[in-house]
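The values are calculated or read from the model by the stated rules, or taken from the named source; none is laboratory data. Only a predicted model underlies this, so the values are computations on that prediction, with no experimental measurement involved. Virtual Cβ from ideal backbone geometry, glycine too; neighbours counted across all protein chains shown. Only protein heavy atoms, including side chains, enter the accessible area calculation; ligands, DNA and RNA are left aside. Shrake-Rupley method; radii C 1.70, N 1.55, O 1.52, S 1.80 Å.
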Amino acid sequence: MSDILPPILPGGSPRLAAAPALTNYRNDRPLTTLYQRPPRQEPQWLCSVRRVDAGGRVIEKRLLPALGWRPGGRLGYELEGTMVIVGSFGDPELWITAAGDLRLPARFRRKAGFNTSDRILLAAHLTEGILLMFGPGAVDEMITRQRRTATPSGGGR
């Protein structure tokens, strides 16, 4: 078996030249198409709903560290209607406890209208470094306002 086989080239053999073409159309599509995920838009706000405990703490282990707020940090706030804006500004009346929880003094809770065991909506904007807090009344007001402005889709009650 030391014989070398001659190469088989298209059109080089009378049998291959007589064979009909396998396709009669031209396919310009690429051989493979790789799946590409659509670009994901990162959310501007990270949100969470947490309860105010009996000690006036809001236990939130994800948003506060994401904002760069560490235990011992002191924070100020502004009230805008039913919304509270918390950040590194104003008089530091709030603070992060040693356990990493947000401590809300009783005077602040009275001003903001937060009661023990209220669930509050927290919305953190990482680039601005602020935390928005909405009590039950504020959330109800937002939903009612949004529902009033939404156009009916025909299927809801």
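Taking the criterion of being open to solvent by 70 Å² or more (accessible area, probe 1.4 Å) and touching a residue at least 60 places away in the same chain (Cβ under 8 Å), the residues of the range 50-81 that qualify are R50, R51, A54.
In the range 88-157, counting only strands (runs of 3 or more DSSP E) that sit wholly within it, the ones holding 1 or more residues that are more than 21 Å from the chain's Cα centre (by Cα) and either without any contact (Cβ under 8 Å) to a residue 40 or more places away in the chain or surrounded by 13 or more Cβ atoms within 10 Å (Cβ to Cβ) (or both) span 94-96.
Quick check, is R51 at pLDDT 95 or above, closer than 15 Å to L131 by Cβ and basic (K, R)? Against the criterion (at pLDDT 95 or above, closer than 15 Å to L131 by Cβ and basic (K, R)), R51 does not qualify.
Residues that are touching an Asp or Glu at 6+ places or on another chain (Cβ under 8 Å) and farther than 18 Å from R50 by Cα within the range 90-125 comprise G90, R107, listed in sequence order.
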